[in-house]
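See structure below.
Nothing in this text is a laboratory measurement; each read-out follows from the coordinates by a stated rule. All of these numbers come straight from a predicted model, not from anything done at the bench. Here the Cβ positions follow ideal geometry from the backbone for every residue, glycine too, while neighbour counts run over all protein chains shown.
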């Protein structure tokens, strides 16, 4: 089957478009594990270790999913989350934001974070493969 218009590419109905993931993670080993697992699962993954640069990338609104570690240098994940959810600082954001952390949070702090985020993952509890499965279920 040919595309209807010049310049269009044909994509079978069963083919899923590649989801773009921004992983803001300062632990190089963990970030590389996530990137490798996500790339192997068909995601287009961008890894950023710095909070300020991660925020700048997130605000481009080019990503479908943002994996956001709470403890990144130069701007914390909580600050990034608040800026991304503030319509006066980030006008439109289509990405789902998934918090990733190994920090034990007070229950009230965790509930506040979960209200603003689309998901919350404790990194020590999931393998990279399980994180891929988690992301596969995000609409």
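Anything in segment 91-106 that is surrounded by fewer than 16 Cβ atoms within 10 Å (Cβ to Cβ) and in contact with a helix residue (DSSP H, G or I) (Cβ under 6 Å, 6 or more places away or on another chain)? List them, or say none.
Here is the first cut: in segment 91-106, the residues surrounded by fewer than 16 Cβ atoms within 10 Å (Cβ to Cβ) are 91-92, 94, 102-104, 106.
The one that is surrounded by fewer than 16 Cβ atoms within 10 Å (Cβ to Cβ) and in contact with a helix residue (DSSP H, G or I) (Cβ under 6 Å, 6 or more places away or on another chain): 102.
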Query - residue 126 vs. criteria surrounded by 12 or more Cβ atoms within 10 Å (Cβ to Cβ), closer than 19 Å to residue 33 by Cβ and out of contact with any strand residue (DSSP E or B) (no Cβ under 8 Å at 6 or more places or on another chain) - result: yes
Report task. For segment 55-65, indicate whether the set of residues that are touching a residue at least 40 places away in the same chain (Cβ under 8 Å), closer than 17 Å to residue 25 by Cα and part of a helix (DSSP H, G or I) is non-empty. Result -> no
Query raised in the report: Which one of 132, 72 is part of a loop (DSSP other than H, G, I, E, B) and either without any contact (Cβ under 8 Å) to a residue 24 or more places away in the chain or under 15 Å from the mean Cα position of the chain (by Cα) (or both)?
Result: 72
